[in-house]
Protein chains: 2
Amino acid sequence: MSNKEKRVEAITARDENFSQWYTDIVLKAELCSYSPVRGCMILRPYGYAIWERITAAFDQMLKETGHENVAMPLFIPESLLQKEKDHVEGFAPEVAWVTQGGDEVLAERLVIRPTSETLFCAHYAETIESWRDLPKLYNQWCSVVRWEKTTRPFLRTTEFFWQEGHTAHADEADAREETMRILDLYAKLYEEVMAVPVIKGRKSEKEKFAGALETYTVEAMMHDGKALQAATSHYFGDGFAKAFDITYTDKDNVLQHVHQTSWGLSSRSIGGLIMVHGDDDGLRLPPRLAPVQIVIVPVAMHKEGVLDEAAALKDKLSQFRVKIDDSDKMPGWKFAEHEMKGIPLRLEIGPRDIAKGVCLAVRRDTGEKQELPLEGIAERVAELLDEIHEHMLQEARERLESRQYEAANWAEFCDLIANKPGFVHAYWCGDVACEEKVKDETTATSRCIIESEDLSDKTCVVCDDPAKHLAIWGKAY
Amino acid sequence: MSNKEKRVEAITARDENFSQWYTDIVLKAELCSYSPVRGCMILRPYGYAIWERITAAFDQMLKETGHENVAMPLFIPESLLQKEKDHVEGFAPEVAWVTQGGDEVLAERLVIRPTSETLFCAHYAETIESWRDLPKLYNQWCSVVRWEKTTRPFLRTTEFFWQEGHTAHADEADAREETMRILDLYAKLYEEVMAVPVIKGRKSEKEKFAGALETYTVEAMMHDGKALQAATSHYFGDGFAKAFDITYTDKDNVLQHVHQTSWGLSSRSIGGLIMVHGDDDGLRLPPRLAPVQIVIVPVAMHKEGVLDEAAALKDKLSQFRVKIDDSDKMPGWKFAEHEMKGIPLRLEIGPRDIAKGVCLAVRRDTGEKQELPLEGIAERVAELLDEIHEHMLQEARERLESRQYEAANWAEFCDLIANKPGFVHAYWCGDVACEEKVKDETTATSRCIIESEDLSDKTCVVCDDPAKHLAIWGKAY
C-alpha cells in the first residue's frame, strides 16, 4: 500500500459499499456536515461554493431566456395551500407547521413552503390583468421544507435548496413551449456545465407532480446504475388558474384563464454530481463547475524563486479560478487533498521545471501527467479544461448508454432489474396497477415515458395487454 | 399641471406626507407588494434586482477579504437557542415556532431562525480544533423571521432578507479587528455603491445586540431627518464560546476559547435607499446599484433608421446595464415610468439627433439635459455615471452634515428633537435611566456613541452628572 493510499484509506471503496463511499466523500471533501436539526444539513464552504456555481450558471440561462427573479414569503397560510385539491393532498402530509408567533397562538396555521405554487398563483391573480401582462416568467432561489422520515445529505433532506420557476401564459401552446424549453435548459446545464448526460422524458400519472397535468423529467444514471431524478418541469394547464381565479382579458377583450408551468432544480444535483463522477480518490469536479479549477503546487518551496514562479504562473492563469497551495503540508498530502476535493487540474512547479520553462500538469479525471511549456500556458490550459469536460461527459455517457437494456417479458424484466444495474426499457399498458406491481416485486419505478415508434403490436411487459407507452424503468434515489 | 404631473399625480408629495410618499414609491416602482401572509412582503422583479445588486456588491467585498459563504439550517431546536442566556432573552419573544412536522407533533419545538449565532456556534464547536483552523470567516445569505406586530415594506417585516456573518478568532485583538473591518466594509458599500453617507459609532448597552459585548453601527439619515440603523457589527468576546464550548489548542498546546463576531446587513437597506434618494417623481437609483443604468428611448420610432440607431447605440454601451424602451407607449409616459423606477440616465435618440450624430442625455438626479456625441459615447457615459454617483452622494452628505445639532442642555435637546429634523449631539452620563427618559419624553433614541475629545468637564444633557460619552440622538425608523 503506497503512502497515498494510506492517507485516503478512510474512504470506503466505491465498488465495495457505494452508499458508504458516498457519505465518506460528502464528509471528507467537506461538502456538508450534519446539523443539530433533524434531517437538515449544513452546507460547508466547499459544498456551498459548488451550489453557487450551479446557481450562477442556471441563473444566467434563465435571464438569457427572459426570466426574472422574485422572492415570495417563506410561509403559506393553511387556507391558501388548500385551494388546489390535488396539490394540497400531495403536500399536506409532509409539511412543517408554524402554530405560534411570539407569544401568540396563531388563528390560522402557517405552512413552511414545500413549494410555492399557491403563493405565485395568489400574486398572479392580483397582478395579471391583460394579455399585455403575459407571459409572466418568474423564478425564485430559496430553500423549501419537506418533512422527510429518512434523510441523506443532498439527496433527501428536510430543508433543501432549489430554484422554483412559476410562469403564466396566454394559452396552452405557449405554456407547453415553456415547459419543454426549461426541460432543455436543465439538460443543457447538466451536460454542458456538470458533464452529466441525462435522458429526457415524461413522468407517469403516478409519479407526476401534485396538481400538474404533465411532468417532464431529466433522469441521470449514477455510477451504481441507479437513477436520479435530476430536475422536473410541469405543465399545469389552467387547473391552478381556475382554483385561484387568474384571468386576463385577451386582445378581443374576452376574459381568459392563464395556462401555467412550474419547474425546479435542487441541491440534490450535487448528490448526482458526486455519484456520477466520484471515484476512490474522492470527488471529481467538471472544470466549468469547479470552484477551484486549477491548483498550483510549488515543489521544493524553500528553494529560491519557486514561490515567485508559482505566483507568476498564477498571474498567467488569471482568467481561471486558480489557487496556489503553499501550505506547509507534504506534497503527497496536498495531492491527496486536492484529489479528494476533485480539483480538475493540478500544476506542479519546482526548480527543475523552472529551469526547463515548464510545469507538470496532472489531470484529475484520468491521472494523466504531461509537461506544459510556461510560454503560452493559458491557451493550453483552456484547451485542457475543455478536454477534461468532454472526457468526463463522454465517460458518463458511455456508461449511461452501455447500461440500457430491453425487456421483452416479465421474467426478463425481473432478471434485468435484479442483476443488471441500469435502465430497463419496456412497453407498458399505462395502468397504475402494473406500475405498482413493478415497484412491489422489483423495487424499480417508472423513471419516464419516452417518445416511441408505433406501438400497435406491442404489449405490456407486466400484464400483456396492448402497450400505450415505452417506458424506462430502474431503481432510483 | 403638465401632462407629466398628471401621470404621476398618484404619488403623494414627499414634503406633504413622507410616510405615504414612501409607500407610494414602493408600490408604484413595483419594488414589492403585499402578500397573503401577515407582515411578509413579496419582492417583485425590480425590487429583487436591486437586492441582487446589493448582495453581489457586498458578496464580492466579503470574498476579497477572505470570507466564505455557507448555509445553516432554517430551524433552531429550542434547547440550542437557550444556550446563551442574554441571546435567548432577546429573541425568544419574537420568534415563530414550528410545533408539528407532517403528522407528528414535535417532541422539541423548533424556532425559525431570527438570527443564527447558535447554529454557527454549534458548528464551530464541532469543527474547530487547533489554532490552524482559525480564523473562521463564515457568512450566509438567507432570510430570517421575527414576529413583528407592526410592519412596513423593507423597513420592518416578519420575514426579511439579509447576510449574517459569523466569525471565530484566536484572540480578542483579531476579533475586534474583524468587527471594525466589517463596519468599514458596510460604510464602503453604502457610500461607494449606494451613494448613502453614514455615521459610524457604537451602540449603547440598551441598544446593543442580545448577547454581544459591543455593537457597532452605521447610521444613515433619511430625507425627513430620521435615522436608519443601516447595518451592525457585533463583538462577542468569548461569551458564546463559553456557552457553546468552542475551544482550540493554541501554538503552546493550551486549550483556549475562541473570540467571536457577528454582523448583518438586510433588505431594509432598500428602504434606506428610497428614503435618502427618492423625490416627487419616484425612486432615484445610484448608477453602481441600478439594475438598469441607462434606458434608451427612440423618438419617432416609426421613422426609418431610428430603431437601428438605437440598437447601435445600445451596442456601443454594452459595458453598462442598458435597455431600449421601444414599447408603444407615448414618450411622456415612458419618461415618467423610467423616472419612477429611478433609472440614472435616459438617452433619447430621434431622426434629428441621428442627423447631427448625437443623442440627448437626461440625468435622473438633476433632470439636466445635454447633447452627447455618439462618437466616443461609452467613455462620456462612464464619466457621467460617476458624476451622478458623486452628485447623489454629495447631496446626501450635505444634507446629513447640515442637520447635525449640538444640545448644551435638556431644554435645547428637547427643542431640537421636536423642531429640527436631524441628529442631536449631546453628552451623556451613560446611565440607561437617562436614555429611557430621552425616549419617553422625546421619542428619540441614542443612535450611537462616537469617539470624542476629553470629557472631563462635560455633563450629561439629561441629568447633569459627569459625562461618559458623546452620543448622537435622533428619531429613527
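Only the coordinates and a few stated rules stand behind these numbers; no lab work does. Remember, it's a predicted structure, so these values are computed and weren't measured experimentally. Reconstructed Cβ throughout: ideal geometry from the backbone, glycine too, with neighbour counts over all protein chains shown.
Data overview
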item: Within-13-Å neighbourhood charge of B:Ser402 [Cβ basis; K, R +1; D, E -1]; result: +1
item: Across B:Lys341/B:Lys369; A:Lys200/A:Lys242; A:Lys323/B:Lys136; A:Lys200/A:Lys458, pairs whose alpha-carbon gap is larger than 24 Å; result: A:Lys200/A:Lys242
item: Sequence-separation-based contact order of the stretch B:294-379, relative, with Cα cut under 8 Å and 6+ spacing, percent; result: 32
item: Exposure proxy order (Cβ contacts within 10 Å, fewest to most) of A:Lys208, B:Lys369; result: B:Lys369, A:Lys208
item: Mean separation of Cα contacts under 8 Å (6+ apart) over length of chain B, as relative contact order %; result: 13
item: Centre separation in Å (Cα based) which lies between the stretch A:364-435 and the stretch A:281-358; result: 29
item: By average C-beta atoms within 10 angstrom, highest first, the peptides B:399-406, B:469-476; result: B:469-476, B:399-406
item: Cleavage-rule hits (trypsin sites (Lys or Arg not before Pro)) in the stretch A:226-333: DSSP loop, at most 10 neighbouring Cβ within 10 angstrom; result: A:Lys251
item: Alpha-carbon centroid distance for the pair the stretch A:171-187 / the stretch A:85-149, whole angstrom; result: 23
item: Extension reserve of the A:Glu205-A:Ala57 stretch, reckoned as 0.36 nm per residue once the Cα distance is removed; result: 50.1 nm
item: Length gained when the stretch A:Asp252-A:Ala173 is fully extended (0.36 nm per residue, less Cα-Cα span); result: 26.6 nm
item: Average beta-carbon neighbours from other chains, 10 Å sphere, peptide A:13-25; result: 0
item: Loop GluC sites (Glu not before Pro), the stretch A:93-190 (other Cβ atoms within 10 Å of the site Cβ: 15 or fewer; DSSP); result: A:Glu129
item: Ellipticity estimate at 222 nm from DSSP helix runs (n ≥ 4, -39,500 (n - 2.57)) divided over chain A, nearest 500; result: -10500 deg cm²/dmol
item: Inter-chain shielding of A:90-101 (mean C-beta neighbours from other protein chains, 10 Å cut-off); result: 5
item: Inter-chain Cβ neighbour average for residues B:60-71, partner chain, 10 Å; result: 3
item: Low-density loop positions, GluC sites (Glu not before Pro), the stretch A:423-477 - DSSP coil, at most 16 other Cβ in 10 Å; result: A:Glu451, A:Glu453
item: More than 38 angstrom apart: percent of Cα pairs within chain A; result: 34
